[in-house]
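Values in this text are rule-based calculations from the coordinates and carry no lab data. Note that the structure is predicted; figures quoted are calculated from it, not measured. Every residue, glycine as well, gets a Cβ built from its backbone with ideal geometry; the counts of neighbours run over all protein chains shown.
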Amino acid sequence: MSETEASVTPERACDAPLPVLGSDVVVPLVTGGEVPYAALDYAASAPSLQRVWEDVAAYAPYYGSVHRGAGYLSQLSTDLFEQSRSTVAEFLGCRPDDQVVFTRSTTDSLNLLASVLPDSTRVLVFETEHHASLLPWRKADVHYLPAPRSRRAAVQLLDEALADGRHDGPTLVCVTGASNVTGEIWPVEELAATAHAHGARIVLDAAQLAPHHPVDVAALDIDYVALSGHKLYAPFGAGVLAGRADWLEKGAPYLAGGGASKQVATAGGRMAVAWHEGAKRHEAGSPNVVGVYAMASACRTLTEAGFDSLVAREKRLLSQLTDGLSRVPGLRMLSLLDEDCPRVGVVSFVVEGWNSAHFAAALSAEYGIGVRAGLFCAHPLVRTLLGGAPEQPGHCGAPDGPGGGGLNAVRVSFGAGTPDEHVTRFLDAVTELVREGAHWSYRTENGNCVPVSRVPR
């Protein structure tokens, strides 16, 4: 047992944050002095769990090539890589015959799945999805479903779309587990049952759900799941696509190259290639063994911590956060589904009289609090939530990115490593900013909202 673990009593352990890197980092304030950094942008990238970092550091001296070497380190690294595949499969509740393919991210995973879809596949996806789920289906017959306003409406919209008998080929439904904008948890089990009732398959984008809530492929009865390590407290550039093997086996390799090829020969001036079956078919090139091992370490750490206690603690912090924000004059939290819809630790909001980029910049520069402002790679959803209204006065001039058009929001997000104090600090800072305004003036430089000078009082 580590010194940190020994210092946590059993009574406190279930309600204490998990140790993460960066918890002791201090940052300068434009107003003078330094404060401990409050990382509240978990929905973009979560900090590394301390256990993940320690596991990677312990492995680093033994790093070797995977699947290619006869030496001891190569054999050890190969075993570690394949053991990690089993660990991730167990964490996700995969079925015995499911394939687990390692990728770079959720985006990469969904693009992989898009590349192996059978000809004439129809894809149904809600327009409220993250761009990782909206955009990969360029070679498919994709249909975007309108934004539902309740969990029940989501199921009904899908049922009606699937009931259209004008399509004879395969159908794939793509749904999010938890919104990266509102934190709302979608009715995945009901959507899966609806898809299967019409003979369709379903893929779950679990990027935001898996770090906060258990995901069980078999229990949810989903066909595929995609997620990213960097949101799962393992920021080393790995992701996973897990699910049914047949489409993956029949589809062309995602990348052509070594590792995916079983045998290569020239014949009559042409190249003859026999491709691997199984996960190797889509894992060409030298695998990211460090990222994969880190993701497996995160899966073990979250499992051992117990999702029941993690979920209970997150609900408590989320209640504190939303209760506090609801008392701030002129602040509106964004929601799409039912008022009582379960959520993970992600909340987006707008403040009357403030440009969101300006507000987020002031939180960072004057309070040492890291949040995000923008459209969160979910442009159609954020515009739906904001009603297409123009940004409020107080515009800093910072653009939202391509297609932003000055319409954006602030997002605060937290997770298993967030101390209670960070939520309290955030609420105090928001209240003070709304009541007193920023203490510094801001302008746009290289697309960012930056502090310029102190505001005379």
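Rounded to the nearest 5, the antiparallel percentage of DSSP beta bridges internal to the chain is 65%.
Using the rule -39500 (n - 2.57) for each DSSP H run of four or more residues, divided by the residues of the chain, the 222 nm mean residue ellipticity is -10000 deg cm²/dmol.
Projecting the Cα atoms of G447, M295, F307 onto the charge dipole of the chain (Cβ charges, centred on the Cα centre) puts G447 farthest toward the positive pole. 3J(HN,Hα) along the stretch 425-430, derived from phi through the Karplus expression 6.51 cos²θ - 1.76 cosθ + 1.60 where θ = phi - 60°, amounts to 4, 4, 5, 5, 5, 4 Hz, with x in place of Gly and Pro.
Lysine pair count for the chain (Cα-Cα distance under 20 Å; residues 8 or more apart in sequence or on different chains): 5. In terms of the mean number of neighbouring beta-carbon atoms within 10 Å, the peptides 18-26, 286-294, 132-140, 74-82 order highest first as 286-294, 132-140, 74-82, 18-26.
At a threshold of 8 angstrom on Cα-Cα distance, excluding pairs fewer than six apart, so keeping six or more, what relative contact order does the stretch 52-304 reach in percent? Once divided by the residue count of the stretch 52-304, the mean separation gives 25 percent. In sequence order, the stretch 92-103 has phi-based couplings of 8, x, 5, 6, x, 9, 6, 9, 10, 10, 8, 10 Hz under the Karplus curve 6.51 cos²θ - 1.76 cosθ + 1.60, θ = phi - 60°, and Gly or Pro positions carry x. Residue exposure proxy: Y254, Y72, ordered by other Cβ atoms within 10 angstrom of their Cβ from fewest to most, comes out as Y72, Y254. Taking Cα atoms only, the orientation of helix 289-305 departs from the longest principal axis of the chain by about 60 degrees. Ranked by the mean number of other Cβ atoms within 10 Å of their residues, highest first, the peptides 155-168, 266-279 come out as 155-168, 266-279. The HN-Hα couplings worked out from phi for the stretch 74-79 by the Karplus form 6.51 cos²θ - 1.76 cosθ + 1.60 (θ = phi - 60°) are 5, 5, 5, 5, 5, 4 Hz, whole numbers, x standing for Gly and Pro.
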